[in-house]
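A.B. asks: Structure provided below as C-alpha cells; questions to follow.
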Amino acid sequence: MDTQLLENTARDLVAAGKGILAADESNGTMSNRLESVGVTASSETRRAYRTNLFATEGYQDFISGVILFDETIRQTMSDGRSIPDALSSIGVYPGIKVDTGAKDLANNSGEKITEGLDGLRARCEEYFLMGARFAKWRAVIQIGNNKPSSACISTNAHALARYASICQEQGLVPIIEPEVLMAGNHDAQTCYDVTSEILEATFAECRMQGVHLPGALLKPNMIIAGSSCPNQITREEVANLTVDCLTKHVPHDLPGIVFLSGGQSDEDATAHLNLMNAMDVEHPWELSYSYGRALLANALKTWANDEHEGSQSVFLHRAKMNSLARTGDWNSDLE
Ligand code: 13P
C-alpha cells in the first residue's frame, strides 16, 4: 500500500475551501433525473449534461474532485479529450463509484446490502490506469419498524471495510459512505443513535481489516429528523448534534469528513455545513462536502431549458456557497 500517495490524495480532496462533486448517479438514476426535467435519457444526453458541468470555468477553485460513474469515466468531452484527463488537467481529481448498488438483504425484508466486491480488485486497477485516484461505496441504512437490524449494520460495515482495503491496495482513496436515509418519521435522536451504531461498526471493521485511515475519507449523513417527522429540529441543532455524534464515533486520524446532502434543500445543506465550520472549536478533521443533488438539482433544471451557460453559472454559484461554508463564511444574503 502506498500510504504516502493515499494520504496526499485524501488531504488534497479536503483542501481549504474545496469539496467534492458527486456526479456518479447510476445510469438508471441519472436517466430518471433527466426524464423528470423533460429530457430523453440516453448515453449521449447523460454525457452532454455532465460534460457541460465539467467545462465550467473556474469551478476547480471550489471542487477538488468529481465522482464519476463507470459509463462517464469512459466518455469524452466535446473536444474529444477523455473526461478523467480533462478533469486532471485542471487539478480536479477523477473519482469513481465502485459499488454495484444496494440489493435486498436476504432474510431481512426491506433492508439493503451494497454489492460490488466480486472483481473489485481488477476494476480498481483499471480505474487507476484511467486516472481515477479515489473511489466511493455507498451503504444504505433505512430507519423504521425495528430497522435497521444488526444483520444490516454488520454486513454493510464489513463490506465497506473490504471495499476500502481493496481500494487502498490499488492506490485509490476510499470514500466510506454509510448513509442513514432521511426517509421516515423517526426523530433526530433516532437518527443520532442509528448513525452512532453504523459508524462504530464500520470503524471496528476498518480496524480489523487494516484500513489506513489517514488515507481514507468518511461520507456520512448529518443528524436530521426523518423527512416526515413532525418534530423537525433547527439548523443549529442539526449542526451541534452532527458534530457531537461524529466527535464521539469517528477516529481522529481520518483527514476529512465529506457530507452527503441526502435530500436536504440546497440552502440547508450549505447552512448546516457553515454552522459546523463556524463553531468556536477546532474539529479533528476537515468538515467538507461531497454533494450531488445539493450542488446540481438547479443546474440540471437550467440545462434542460437549453441554458447551458446558465447551468454552469448555477453550479458555480452553489459550489462557491459551499466553499464559503468550509470556513463558516457563508450567509443567506449571499444567495
Ligand atoms: P446527494 O448529495 O444527492 O445525497 O448525493 C451524494 C451521494 O453521492 C450519495 O451517494
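The values are calculated or read from the model by the stated rules, or taken from the named source; none is laboratory data. These figures come from a predicted structure and were not determined experimentally. In this analysis, Cβ positions are derived from the backbone assuming ideal geometry, glycine residues included, and neighbour counts consider all displayed protein chains.
A.B. asks: Taking into account only those residues within the stretch 306-334 that are modelled with pLDDT of 95 or more and assigned to a loop (DSSP other than H, G, I, E, B), which is nearest to Gly262 (Cα to Cα)?
C.D. replies: Arg326
A.B. asks: Quick one: in the stretch 15-32, of everything that is near the ligand (Cβ under 10 Å from one of its atoms) and crowded, with 17+ Cβ neighbours inside 10 Å, which residue is nearest to the chain's Cα centre (by Cα)?
C.D. replies: The selected residue is Ala22.
A.B. asks: Kindly indicate the residue of the stretch 197-225 that is within 17 Å of the chain's Cα centre (by Cα) and of a type in the set (Gly, Ala, Ser) and also surrounded by the most Cβ atoms within 10 Å (Cβ to Cβ) among those meeting that condition.
C.D. replies: The extreme case among them is Gly215.
A.B. asks: Hey, does the stretch 226-245 have a residue that's touching a His at 6+ places or on another chain (Cβ under 6 Å), touching a residue at least 60 places away in the same chain (Cβ under 8 Å) and buried (at least 19 other Cβ atoms within 10 Å of the Cβ)?
C.D. replies: yes
A.B. asks: Kindly establish whether Glu179 is in contact with a Lys or Arg (Cβ under 9 Å, 6 or more places away or on another chain), away from the ligand (no atom under 16 Å from the Cβ) and either within 18 Å of Arg11 (Cα to Cα) or among the acidic types (Asp, Glu) (or both).
C.D. replies: Taking the combined requirement at face value, the residue does not satisfy it.
A.B. asks: Now for a separate question. Can you name every one of the strands (runs of 3 or more DSSP E) wholly within the stretch 70-159 that holds 2 or more residues which are of a type in the set (Phe, Trp, Tyr) and within 16 Å of the ligand (Cβ to nearest atom)?
C.D. replies: Filter on the stretch 70-159 gives 134-141.
A.B. asks: Ok, one more. Anything in the stretch 251-268 that is more than 16 Å from the ligand (Cβ to nearest atom) and surrounded by fewer than 20 Cβ atoms within 10 Å (Cβ to Cβ)? List them, or say none.
C.D. replies: Pro251, His252, Asp253
A.B. asks: What number of residues within the stretch 270-309 are within 12 Å of the ligand (Cβ to nearest atom), surrounded by fewer than 20 Cβ atoms within 10 Å (Cβ to Cβ) and more than 30 Å from Thr40 (Cβ to Cβ)?
C.D. replies: Within the stretch 270-309, residues that are within 12 Å of the ligand (Cβ to nearest atom), surrounded by fewer than 20 Cβ atoms within 10 Å (Cβ to Cβ) and more than 30 Å from Thr40 (Cβ to Cβ) number 0.
A.B. asks: Identify, please: which residue in the stretch 77-97 is closer than 15 Å to Tyr127 by Cα and of a type outside the set (A, V, I, L, M) and is, among those, surrounded by the most Cβ atoms within 10 Å (Cβ to Cβ)?
C.D. replies: Across the stretch 77-97, the extreme among qualifying residues is Gly95.
A.B. asks: Condition (residue is under 16 Å from the mean Cα position of the chain (by Cα) and over 22 Å from Arg318 (Cβ atoms)) applied to the stretch 255-264: is it met by at least one residue?
C.D. replies: yes
A.B. asks: Separate question: Give me the pairs: first residue in the stretch 43-57 and over 12 Å from Trp303 (Cβ atoms), second residue of a type in the set (Asp, Glu), beta-carbon distance under 7 Å, and six or more apart or on different chains, which are they?
C.D. replies: So the pair list comes out as Ser43/Glu71.
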